[in-house]
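Just dropping this structure here.
The values are calculated or read from the model by the stated rules, or taken from the named source; none is laboratory data. All values derive from a computational prediction rather than experimental measurement. Methodologically, a virtual Cβ is constructed for each residue, glycine included, from the backbone with ideal geometry; neighbour enumeration extends over all protein chains shown. These accessible areas exclude ligands, DNA and RNA; they are computed on the full protein's heavy atoms, side chains included. Shrake-Rupley method; radii C 1.70, N 1.55, O 1.52, S 1.80 Å.
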Amino acid sequence: IARGRADRAGYSPGLEWPRASSTMSDDAPYTPGATRYTSATFLGRLRNICSQLNPAHLLTPSAEVDAAKDLLSRHRRGEAKASNAELWAAAELCAARVHPDTGENIALPLCFAAYTPMQPPIILGMLWPGGGALNQAFWQVSNQCYNSAVFFANKNKSSEVSDADAMLSFGGSVAAALGLGVGVNRLGARLGNPRVSQFAGFVGCVGAGWTSLLLMRRDELANGVNVADADGTVHGSSHVAAREGIAKCCAARVVWNLPATGITPVALAGWHATGVSKA
């Protein structure tokens, strides 16, 4: 759901997702439906997503968000005179605070601008020193509830994902997070090895991500995915391609959980073992 959505002027159903930009300049000409920075490079993609997740947008009053929507709408109709910088700023604000299909302002805790500051309390709760099984269960459920709430608040209204499928995915991810997170926590306690318990948050998050992914894309595993050439001509479906795509997505969920819930507890354990910490 955090794909770049730089411009959603007009906010009518059916607006296209932003096209990749070919420029990296801060003064790039404003183009409706495009991202501000090029999507052809890692730095460009990083700058696009950082602008969308910028928590500073939370401080912008709703009246200014409405003004930004109005500016983009008037520009699309050729009625507004504004600089490229003003238009890009309005587009980035809307990408962080406004639903792309309905044009409604999203509740602050669930908009993309809030996603970054909402994460530390959850992660700290999972990694809390000496936290037992109940603590791990509470924060794993809290994490899945928040992720699902963000999904429902931001999801494309024309999405093929039904509410029933989304609820099935939510139930599966909560069950996996609880079973794996609490299980690893108790395993560490039974073994008398707190280092095992340190990975309860990581294992729970990854397991929940895998479960949600498999439930949401189970049709691909059963029926395969279309295989097309460079011209877009479909030549049939492939189960191998489906398995490969889902496997890569599973690997990605391991990688992006490593810094916060995998490496952090190891680093903290090393810190507590030092003489400086004991002093």
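If I go through region 235-279 residue by residue, how many of them are open to solvent by 80 Å² or more (accessible area, probe 1.4 Å) and in contact with a strand residue (DSSP E or B) (Cβ under 8 Å, 6 or more places away or on another chain)?
Number satisfying all stated conditions: 1.
Listed residues 187, 134, 178; which is out of contact with any Lys or Arg (no Cβ under 9 Å at 6 or more places or on another chain), assigned to a helix (DSSP H, G or I) and crowded, with 19+ Cβ neighbours inside 10 Å?
On inspection, the qualifying residue turns out to be 178.
Can I ask one more? Can you list residue pairs whose Cβ atoms sit under 6 Å apart, with the first residue in region 247-266 being under 30 Å from residue 224 (Cβ atoms) and the second being open to solvent by less than 80 Å² (accessible area, probe 1.4 Å)? Count only pairs 6 or more apart in sequence or on different chains.
Pairs found: 249/213; 253/206; 253/209; 254/206; 257/202; 257/205; 257/206.
Can I ask one more? Name the pairs whose Cβ atoms lie under 6 Å apart, with the first residue in region 212-232 and of a type outside the set (S, T, N, Q), the second surrounded by 16 or more Cβ atoms within 10 Å (Cβ to Cβ), and 6 or more positions between them or separate chains?
215/169; 215/172; 216/169; 217/246; 220/242; 221/242; 224/242; 225/242
Have a look at 143, 135, 185 and point out the one that is at pLDDT 90 or above, polar (S, T, N, Q) and under 30 Å from residue 57 (Cβ atoms).
Going through 143, 135, 185 in turn, just one is at pLDDT 90 or above, polar (S, T, N, Q) and under 30 Å from residue 57 (Cβ atoms): 143.
Do we find a residue being in a helix (DSSP H, G or I), of a type outside the set (Ser, Thr, Tyr), surrounded by 18 or more Cβ atoms within 10 Å (Cβ to Cβ) and modelled with pLDDT of 90 or more anywhere in region 156-173?
Yes, region 156-173 contains a residue that is in a helix (DSSP H, G or I), of a type outside the set (Ser, Thr, Tyr), surrounded by 18 or more Cβ atoms within 10 Å (Cβ to Cβ) and modelled with pLDDT of 90 or more.
Of everything in region 59-85, what is open to solvent by 50 Å² or more (accessible area, probe 1.4 Å) and either within 14 Å of residue 95 (Cα to Cα) or part of a helix (DSSP H, G or I) (or both)? Give them in sequence order.
59, 62, 63, 64, 66, 67, 70, 74, 75, 76, 84, 85
What do you reckon, is residue 128 among the aromatic types (Phe, Trp, Tyr), touching a helix residue (DSSP H, G or I) at 6+ places or on another chain (Cβ under 7 Å), more than 27 Å from residue 58 (Cα to Cα) and open to solvent by 40 Å² or more (accessible area, probe 1.4 Å)?
So residue 128 fits the description; yes.
I need the full set of residues from region 198-207 which are open to solvent by less than 30 Å² (accessible area, probe 1.4 Å) and without any contact (Cβ under 8 Å) to a residue 40 or more places away in the chain, in order please.
Within region 198-207, just 207 meets the criteria.
Given the conditions (1) out of contact with any Leu (no Cβ under 7 Å at 6 or more places or on another chain); (2) in contact (Cβ under 8 Å) with a residue 12 or more places away in the chain; (3) not β-branched (Val, Ile, Thr), report the number of the one that residue 134 does not fulfil.
(2)
Consider residue 116 carefully, then state whether it is among the β-branched types (Val, Ile, Thr) and not in a helix (DSSP H, G or I).
Criteria not met by residue 116.
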